[in-house]
Amino acid sequence: MSRFFYSLLLYLISPLVMVRLYLRSKKAPEYWQRKAERFGFFSLPATDKPIIWVHSVSMGETIASGPLVKQLQKHYPAHRILITTMTPTGSAQVRKIHGESVDHVYASYDLPAAVRRFLDKVKPVMAIVIDTELWPNTIAACHKRSIPVLIVNARLSERSARGYGRFAFLTRPMLEQIDMVAAQNNETGRRFLELGLPKQQLNVTGSVKFDLDVSPEVITAGKELRHKWQQGMGSDIRILVAASTHEGEDQQVLDAFKTILTESPEVRLLLVPRHPERFDSVHQLIQDNQLPVVRHSQGTQPSDETRVILGDTMGEMMKLFAASDIAFVGGSLVATGGHNMLEPAALSLPVLSGPHVFNFEEISESLVQAGGLKIVDDSKELAKEATRLIQDQGEYLKMSRQAGEFVNANRGALDRVLSLISQFMKHS
């Protein structure tokens, strides 16, 4: 009965959801395109192969799931992979990483009719959800059709757990219908158990985000990009990349950068906003701060006067990290919860982050203890720590080495997840 009222509420607010999509499309037109897919109306290429369904919400989850999808293709060549996302940036990443080797549509909203249409067309033999995207009607429908549901790379912050706990009448039955939760860490596992997940349906595998596929081609492309910048800005430049920044955070980064310049004038800022609809406004903000800027998307060669490069392209984050010296990971000076600090760490970059890292709670704590991450409280501390790393070569090299070693020491979750998947594939 509780799911009935939940579904009724979803139907009632559906018009508001469509209004929100429309408003978002004013800045990012892709949000309004293919909207029928979100209600289960889509077509797929004809195939006789059974389908493994992988759901990755947005760009970050899609990138993190890339190695897993490639391993699924390798281990199960008789199957097709369907990847669903919720955002246009995630959709773009699917095609960038996998091309036409996978099928892709937007995930249906958790409306019973939409979910039924989706499952009728796809008929998946397994549903693999990346991170923690829990939808009661979707999970219930899969359970009714005996489609195994695996939550892979699951993370659950204390704040999210409290949110799910307030709706225990929905959460507990839903968790009982999940076949396996592969948790990133013990804390996440404990929170799932406290919410009602049966103990036998929990496996702590670690995070597949440690199993980053950093190809030599990406590293080479980053070095070539840096060489290009050095030709224009000077061979002695040091690049501070501020990755995945959010609204309200860019100005703090720019304030820190202006302070850094007073003591280390060789530093250049590579500023990469998280959302493409903000590229233009951030470009204007940089100009308002009277900092000479070039846009990476335009391919303009920086000059001696250039102080900021705006990273206004999608899907190039690892290449931009490879072109940099120090990484600040955004979404952390504002209360967004942070982003994946393992990406720069895997390239042996010293990592700086603001205090709001609840989305990566255990990873951030472990990386701090390993010496590869420094948490800063505000723009003043960001300027201070970045300047210290620039001016103290010994500290820079130490932190760089510790960041890389931390990632390498924690690899292996992908193999453990594949082993769990194989157990369910045998019975599917």
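Give me the pairs, please: first residue somewhere in region 241-269 and more than 21 Å from GLN301 (Cα to Cα) and at pLDDT 95 or above, second residue anywhere and open to solvent by 10 Å² or more (accessible area, probe 1.4 Å) and of a type in the set (D, E, K, R), beta-carbon distance under 6 Å, and either six or more positions apart or on two chains.
Qualifying pairs under 6 Å: SER244/ARG274; HIS246/ARG274.
Does PRO136 satisfy the criteria of being under 21 Å from PHE41 (Cα atoms), surrounded by 22 or more Cβ atoms within 10 Å (Cβ to Cβ), touching a residue at least 24 places away in the same chain (Cβ under 8 Å) and not charged (D, E, K, R)?
When the stated conditions are applied, PRO136 does not pass them.
VAL181 fails exactly one of the following numbered conditions: (1) over 27 Å from ALA78 (Cα atoms); (2) free of Cβ contacts under 8 Å to residues at least 40 places away in the same chain. What is the number of that condition?
Single failed check for VAL181: (1).
Looking at (1) over 24 Å from LEU418 (Cβ atoms); (2) open to solvent by less than 30 Å² (accessible area, probe 1.4 Å), can you tell me which one GLU194 breaks?
The number of the failed condition is (2).
Would you mention how many residues in region 21-32 are under 16 Å from SER108 (Cα atoms) and without any contact (Cβ under 8 Å) to a residue 24 or more places away in the chain?
Going through region 21-32 one residue at a time, the tally reaches 2.
I'm trying to understand the selection: among the residues of region 35-61, which are under 22 Å from VAL214 (Cβ atoms) and modelled with pLDDT of 90 or more?
VAL54, SER56
For region 89-128, enumerate the residues that are closer than 14 Å to GLY60 by Cβ and open to solvent by less than 20 Å² (accessible area, probe 1.4 Å).
Scanning region 89-128 gives GLY90, SER91, GLN93, VAL94.
Looking at region 245-274, which of its residues are among the basic types (Lys, Arg) and closer than 12 Å to ASN289 by Cβ?
Answer for region 245-274, where residues must be among the basic types (Lys, Arg) and closer than 12 Å to ASN289 by Cβ: just LYS258.
Give the residue that is modelled with the lowest pLDDT, with candidates limited to residues of region 1-16 that are open to solvent by 60 Å² or more (accessible area, probe 1.4 Å) and over 30 Å from the mean Cα position of the chain (by Cα).
Only one residue fits best here, namely MET1.
Of everything in region 339-348 that's open to solvent by 10 Å² or more (accessible area, probe 1.4 Å) and not charged (D, E, K, R), which residue is farthest from the chain's Cα centre (by Cα)?
Per the criteria, the residue is SER348.
Within region 350-357, is even one residue open to solvent by less than 20 Å² (accessible area, probe 1.4 Å), part of a helix (DSSP H, G or I) and of a type in the set (Val, Ile, Thr)?
Within region 350-357, not a single residue is open to solvent by less than 20 Å² (accessible area, probe 1.4 Å), part of a helix (DSSP H, G or I) and of a type in the set (Val, Ile, Thr).
Okay, residues lined up against (1) part of a loop (DSSP other than H, G, I, E, B); (2) surrounded by fewer than 17 Cβ atoms within 10 Å (Cβ to Cβ); (3) basic (Lys, Arg):
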residue	(1), (2), (3)
GLY248	yes, yes, no
VAL272	no, no, no
GLU277	no, no, no
VAL282	no, no, no
ILE286	no, no, no
SER297	no, yes, no
PRO302	yes, no, no
ALA327	no, no, no
SER332	yes, no, no
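Output the number of the condition that THR336 fails; it satisfies all remaining conditions of (1) under 25 Å from the mean Cα position of the chain (by Cα); (2) surrounded by 22 or more Cβ atoms within 10 Å (Cβ to Cβ); (3) of a type outside the set (Asp, Glu); (4) outside any helix (DSSP H, G or I).
(2)
Return a yes/no flag: does region 154-161 have any residue that is surrounded by fewer than 20 Cβ atoms within 10 Å (Cβ to Cβ), within 19 Å of LEU367 (Cα to Cα) and either touching a Ser or Thr at 6+ places or on another chain (Cβ under 7 Å) or hydroxyl-bearing (Ser, Thr, Tyr) (or both).
Yes, the conditions are met somewhere in region 154-161.
Considering only residues that are within 13 Å of PHE406 (Cβ to Cβ), at pLDDT below 95 and open to solvent by 20 Å² or more (accessible area, probe 1.4 Å), which ones fall in region 358-378?
Of everything in region 358-378, those that are within 13 Å of PHE406 (Cβ to Cβ), at pLDDT below 95 and open to solvent by 20 Å² or more (accessible area, probe 1.4 Å) turn out to be GLU362, GLU365, SER366.
From the list ASP179, ASP120, ASP103, which one is of a type in the set (D, E, K, R) and either under 21 Å from the mean Cα position of the chain (by Cα) or under 28 Å from GLY315 (Cα atoms) (or both)?
None of the other options fit; the residue is ASP103.
Would you point out which residue out of TYR76, TYR164 is more than 20 Å from PRO45 (Cα to Cα), in contact with a helix residue (DSSP H, G or I) (Cβ under 8 Å, 6 or more places away or on another chain) and either open to solvent by 20 Å² or more (accessible area, probe 1.4 Å) or among the polar types (S, T, N, Q) (or both)?
TYR164
Return the residues of region 295-306 that are out of contact with any helix residue (DSSP H, G or I) (no Cβ under 7 Å at 6 or more places or on another chain) and closer than 23 Å to THR387 by Cα; say none if nothing qualifies.
GLU305
Would you check if there is a residue in region 379-402 being open to solvent by less than 70 Å² (accessible area, probe 1.4 Å), in contact with an Asp or Glu (Cβ under 6 Å, 6 or more places away or on another chain), modelled with pLDDT of 95 or more and not aliphatic (A, V, I, L, M)?
Yes: region 379-402 contains one or more residues that are open to solvent by less than 70 Å² (accessible area, probe 1.4 Å), in contact with an Asp or Glu (Cβ under 6 Å, 6 or more places away or on another chain), modelled with pLDDT of 95 or more and not aliphatic (A, V, I, L, M).
Within region 67-138, which strands (runs of 3 or more DSSP E) (wholly inside it) include 1 or more residues that are modelled with pLDDT of 95 or more, polar (S, T, N, Q) and under 29 Å from LEU170 (Cα atoms)?
Of the strands (runs of 3 or more DSSP E) lying wholly inside region 67-138, those with at least 1 residues that are modelled with pLDDT of 95 or more, polar (S, T, N, Q) and under 29 Å from LEU170 (Cα atoms) span 80-85.
The values are calculated or read from the model by the stated rules, or taken from the named source; none is laboratory data. Source: prediction; values computed, not measured. Glycine also receives a Cβ, built like all others from the backbone with ideal geometry; neighbour counts cover every protein chain displayed. We work out accessible area using only protein heavy atoms, side chains counted, and drop any ligands, DNA or RNA first. Shrake-Rupley method; radii C 1.70, N 1.55, O 1.52, S 1.80 Å.
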